[in-house]
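Chemist: First, the structure itself, so that you have it in front of you.
The values are calculated or read from the model by the stated rules, or taken from the named source; none is laboratory data. Bear in mind the structure is a predicted one, so any value in this text is a computation, not a measurement. Every residue, glycine as well, gets a Cβ built from its backbone with ideal geometry; the counts of neighbours run over all protein chains shown.
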Amino acid sequence: QQQVKQSPQSLIVQKGGISIINCAYENTAFDYFPWYQQFPGKGPALLIAIRPDVSEKKEGRFTISFNKSAKQFSLHIMDSQPGDSATYFCAASRAESNFGNEKLTFGTGTRLTIIP
Amino acid sequence: DTEVTQTPKHLVMGMTNKKSLKCEQHMGHRAMYWYKQKAKKPPELMFVYSYEKLSINESVPSRFSPECPNSSLLNLHLHALQPEDSALYLCASSQRTSTDTQYFGPGTRLTVL
């Protein structure tokens with residue numbers, strides 16, 4: 001029940017196209033859904049995050065769509081650029097009443113390649 | 001400043017060695033984390049410190065020993081590691097909880113011979 005399933009495992013998109021990565025979760029107690037971007041040899045960096053009180057959040061070319069009833073959320077990258085080529089991880093967490101017991105559960109990752 | 005620093009960047013050690021990984025943040029964050037990441041896999045949580053106290057230990061073998069000397073520093077002491085422990089070790093911090101943004105360091109690439 002703590003799993004977050006992510007697809008696809010890898011994705012190739014033409015420059016200027018839309019990249020879409022999907023995640024699904026089972027634990028309805030999750031209330032925080034971030035997306036992390038990781039370049040080779042670097043640590044993950046927060047890209048964008050959403051909480052379940054909204055269905056969509058947009059920051060520049062990056063949009064999270066959230067479907068609470070389906071327990072799914074997705075990342076859309078508009079006008080994809082070669083510099084977006086990286087591994088993307090979705091994640092989920094929940095605030096625990098017992099402070100310190102909450103933790104971030106990561107999806108399996110998507111390797112995105114943007115081709116010219 | 002949203003930087004988490006980790007030293008060393010690379011570490012090669014034998015199975016009988018003792019070494020330590022270091023992590024530092026000056027963002028005033030009160031939660032700090034150690035993760036292990038294998039190639040092409042997501043980070044796996046190892047330990048969480050909240051207000052300098054160990055709050056989560058994800059059943060990590062005792063050859064890994066965390067330490068939080070103060071609110072800015074986090075160490076991971078390594079002893080008698082196995083080759084399968086070779087991985088990227090990531091440190092992260094967040095303001096208070098895992099539902100706050102976690103800032104990751106660049107990691108230490110560990111190779112155990």
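Chemist: Kindly indicate which of B:ALA39, B:ALA31 is at pLDDT below 95, of a type outside the set (Val, Ile, Thr) and either surrounded by fewer than 18 Cβ atoms within 10 Å (Cβ to Cβ) or in contact with a helix residue (DSSP H, G or I) (Cβ under 7 Å, 6 or more places away or on another chain) (or both).
Modeler: Numbers: B:ALA31 fails: either surrounded by fewer than 18 Cβ atoms within 10 Å (Cβ to Cβ) or in contact with a helix residue (DSSP H, G or I) (Cβ under 7 Å, 6 or more places away or on another chain) (or both).
Every option except B:ALA39 fails the conditions.
Chemist: Would you mind listing the strands (runs of 3 or more DSSP E) fully within the range B:1-84 where at least 1 residues are more than 30 Å from A:ARG111 (Cβ to Cβ), in contact with a strand residue (DSSP E or B) (Cβ under 6 Å, 6 or more places away or on another chain) and within 10 Å of chain A (Cβ to nearest Cβ)? Talk me through it step by step, then tell me what you get.
Modeler: Values: elements: B:4-7, B:10-13, B:18-25, B:31-37, B:44-50, B:53-57, B:64-70, B:73-79.
Correct list: B:44-50, B:53-57.
Chemist: Now a separate question. In the range A:35-64, how many are part of a strand (DSSP E or B), under 30 Å from B:LYS9 (Cα atoms) and of a type in the set (Phe, Trp, Tyr)?
Modeler: Initial filter on the range A:35-64 (part of a strand (DSSP E or B)): A:35-38, A:45-50, A:56-59, A:62-64.
Filter again for under 30 Å from B:LYS9 (Cα atoms), leaving A:35-38, A:45-49.
Going one step further and asking which of them are of a type in the set (Phe, Trp, Tyr), we end up with A:35-36.
Summing the residues that are part of a strand (DSSP E or B), under 30 Å from B:LYS9 (Cα atoms) and of a type in the set (Phe, Trp, Tyr) in the range A:35-64 gives 2.
Chemist: Further question: Consider the range A:14-37. How many of its residues are more than 17 Å from A:ARG61 (Cα to Cα) and touching a strand residue (DSSP E or B) at 6+ places or on another chain (Cβ under 9 Å)? Lay out the reasoning, then the answer.
Modeler: As a first pass, look at the range A:14-37 and keep what is more than 17 Å from A:ARG61 (Cα to Cα): A:23-33.
Restricting the remaining residues to those that are touching a strand residue (DSSP E or B) at 6+ places or on another chain (Cβ under 9 Å) gives A:23-27, A:30-33.
The qualifying residues number 9.
Chemist: Restricting the search to the range B:1-47, which residues are among the aliphatic types (A, V, I, L, M) and closer than 23 Å to A:TYR88 by Cα?
Modeler: So the first thing to find is which residues in the range B:1-47 are among the aliphatic types (A, V, I, L, M), and the list is B:4, B:11-13, B:15, B:21, B:27, B:31-32, B:39, B:45-46.
B:VAL4, B:MET32, B:ALA39, B:LEU45, B:MET46, listed by residue number.
Chemist: I need the full set of residues from the range A:59-88 which are farther than 16 Å from A:TYR36 by Cα, touching a Lys or Arg at 6+ places or on another chain (Cβ under 9 Å) and among the charged types (D, E, K, R), in order please.
Modeler: The one that is farther than 16 Å from A:TYR36 by Cα, touching a Lys or Arg at 6+ places or on another chain (Cβ under 9 Å) and among the charged types (D, E, K, R): A:ASP79.
Chemist: Right, next: Any residue in the range A:16-30 that is in contact with a Lys or Arg (Cβ under 6 Å, 6 or more places away or on another chain) and at the interface with chain B (Cβ under 10 Å from one of its Cβ atoms)? Steps first, answer last, please.
Modeler: Residues of the range A:16-30 that are in contact with a Lys or Arg (Cβ under 6 Å, 6 or more places away or on another chain), as a first pass: A:24-25, A:29-30.
Next, from what is left, pick out any that are at the interface with chain B (Cβ under 10 Å from one of its Cβ atoms): A:30.
Within the range A:16-30, one or more residues are in contact with a Lys or Arg (Cβ under 6 Å, 6 or more places away or on another chain) and at the interface with chain B (Cβ under 10 Å from one of its Cβ atoms).
Chemist: Counting only residues that are more than 13 Å from B:LEU21 (Cα to Cα) and either surrounded by 16 or more Cβ atoms within 10 Å (Cβ to Cβ) or in contact with a Cys (Cβ under 7 Å, 6 or more places away or on another chain) (or both), how many does the range B:73-83 have? Let's see the steps before the verdict.
Modeler: Of all residues in the range B:73-83, those more than 13 Å from B:LEU21 (Cα to Cα) come to B:80-83.
From what's left, either surrounded by 16 or more Cβ atoms within 10 Å (Cβ to Cβ) or in contact with a Cys (Cβ under 7 Å, 6 or more places away or on another chain) (or both): B:81.
Qualifying residue count for the region: 1.
Chemist: Can you pull out every residue in the range A:97-116 that is at pLDDT below 95 and more than 8 Å from every other protein chain (Cβ to nearest Cβ)?
Modeler: Answer for the range A:97-116, where residues must be at pLDDT below 95 and more than 8 Å from every other protein chain (Cβ to nearest Cβ): A:SER97, A:ASN98, A:THR105, A:PRO116.
Chemist: What single numbered condition from (1) part of a strand (DSSP E or B); (2) of a type in the set (Ser, Thr, Tyr); (3) surrounded by 15 or more Cβ atoms within 10 Å (Cβ to Cβ) fails to hold for A:THR108?
Modeler: It is condition (1) that A:THR108 fails.
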